[in-house]
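Quick notes on the structure that follows.
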Amino acid sequence: MDAPPLVLVVSPEDAGERLDRWLAARLPEHSRSQVQRWIRQGRVWVDGTSAKPAHRVEPGETVAVHIPPPEETALRPEAIPLTILYEDADLLVVDKPPGMVVHPGPGHPRGTLVQAVLHRCPDIQGVGGEKRPGIVHRLDKDTSGLILVAKNDRAHRYLQRQFAERKVHKEYLALVAGRPDPAAGRIVAPIGRHPVHRKRMAVLPRDPVTGQSRGREAITQYETLASYRLPRARGAAPPFTLVRAVPLTGRTHQIRVHLAWLGHPVVGDPVYGPRRPHLTGPRLFLHAHRLRLRLPSGLERAFVSPLPRDLRQLLEGLEPG
């Protein structure tokens, strides 16, 4: 039996966007092809009427999504230690270590966060998706820090709605090359699949005539926290800056793409960084540091994950300034 529909309301700034693209952006744990399939199956209704994937949404329209029940999964629980910062009957807040993949995929069939959580909480099997049980949002493999895991379907829908409505506040810490100018600001640049390198994302320019972009709306706020330089640096060695980055949208690789586009790639980024960096770290210097949201119980909570030891040690090897 299907769960009650997820109901979303179109905001004025989203007017004119395709229904499938708009909905996929608000359901980050589901692909656009999945969303298109649901629309064609009649699982998506706009103001009480079934719609087509190409429908252009209008402000105030109510979109009801009947997400299909999860299929059987062959995932095997694994006894992998986890750092749990918070747990109640509805969710876990996990401090994910670097190097851990969130869910199984090509090249990563085992050792994932999902399999570790299944060992700790067997009842989440099938919650929210057949291969990503309980997962509400994602972190890249080499990004450490806070991630939410729902323990039941009600909590999963509740948390997913908060992400869809942009009510979850996320803060990341990143060390970047150079010194952003201005020291604090907002990056507004649409992100989509790179036109040539299909495994990468990129800022896609808007058409000068139509103003349209093939990318999705992406907004990141940033703020300078501290400046560093290489010890005994001479000549043209660039400075480095520790920034707080707050993504207001949830695009793939958003912070990494936006900071690189600004001219300040994240230290240790093998995809969006320079081929010959002045500073090499143990990994990508990106950490999901703070998370604030309303729990299914109704309480508003904030969670903090300190900067991990490997990233602290890298900073300690630099000089202030």
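The values are calculated or read from the model by the stated rules, or taken from the named source; none is laboratory data. These numbers were taken from a predicted model, which means no experiment stands behind them. We place every Cβ from the backbone using ideal geometry, glycine too, and count neighbours over all the protein chains shown.
Looking only at residues that are touching a Gly at 6+ places or on another chain (Cβ under 7 Å) and not in a loop (DSSP other than H, G, I, E, B) in region 270-321, which one is farthest from residue 100 (Cα to Cα)? Among them, the one singled out is 314.
Out of 218, 245, 184, 226, one residue alone is within 25 Å of residue 15 (Cα to Cα), small (Gly, Ala, Ser) and at pLDDT 90 or above. It is 218. From the list 220, 224, the one residue that fits, being farther than 30 Å from residue 18 by Cβ and assigned to a strand (DSSP E or B), is 224.
Mind checking which strands (runs of 3 or more DSSP E) fall wholly inside region 58-134 and carry at least 2 residues that are at pLDDT 95 or above and touching a Gly at 6+ places or on another chain (Cβ under 7 Å)?
Numbers: elements: 62-65, 84-87, 91-96.
Fully inside region 58-134 and qualifying: 91-96.
Considering only region 43-62, state which residues are among the β-branched types (Val, Ile, Thr) and either under 15 Å from residue 12 (Cβ atoms) or touching a Phe, Trp or Tyr at 6+ places or on another chain (Cβ under 7 Å) (or both). Reasoning before the result, please.
First, the residues of region 43-62 that are among the β-branched types (Val, Ile, Thr): 44, 46, 49, 57, 62.
Across region 43-62, the qualifying residues are 44, 57, 62.
Can you name every one of the strands (runs of 3 or more DSSP E) wholly within region 158-211 that holds 2 or more residues which are under 30 Å from residue 5 (Cα atoms), in contact with a Pro (Cβ under 6 Å, 6 or more places away or on another chain) and acidic (Asp, Glu)? Before you say what the answer is, go through the steps one by one.
On the way: elements: 169-177, 184-188, 191-193, 201-203.
Output list is empty.
Residue pairs whose Cβ atoms lie under 7 Å apart, sitting 6 or more positions apart in sequence or on different chains, and linking a residue in region 170-190 that is free of Cβ contacts under 8 Å to residues at least 60 places away in the same chain to a partner that is in a loop (DSSP other than H, G, I, E, B) and among the small types (Gly, Ala, Ser), are 190/213; 190/215; 190/218.
Of all the criteria given as (1) surrounded by fewer than 17 Cβ atoms within 10 Å (Cβ to Cβ); (2) out of contact with any helix residue (DSSP H, G or I) (no Cβ under 7 Å at 6 or more places or on another chain); (3) in contact (Cβ under 8 Å) with a residue 60 or more places away in the chain; (4) of a type in the set (D, E, K, R), the one not satisfied by residue 275 is (3).
Taking region 32-84, which residues are over 25 Å from residue 21 (Cβ atoms), loosely packed, with under 14 Cβ neighbours inside 10 Å and among the hydrophobic types (A, V, I, L, M, F, W, C)? Listed by number, the residues that qualify are 74, 79, 84.
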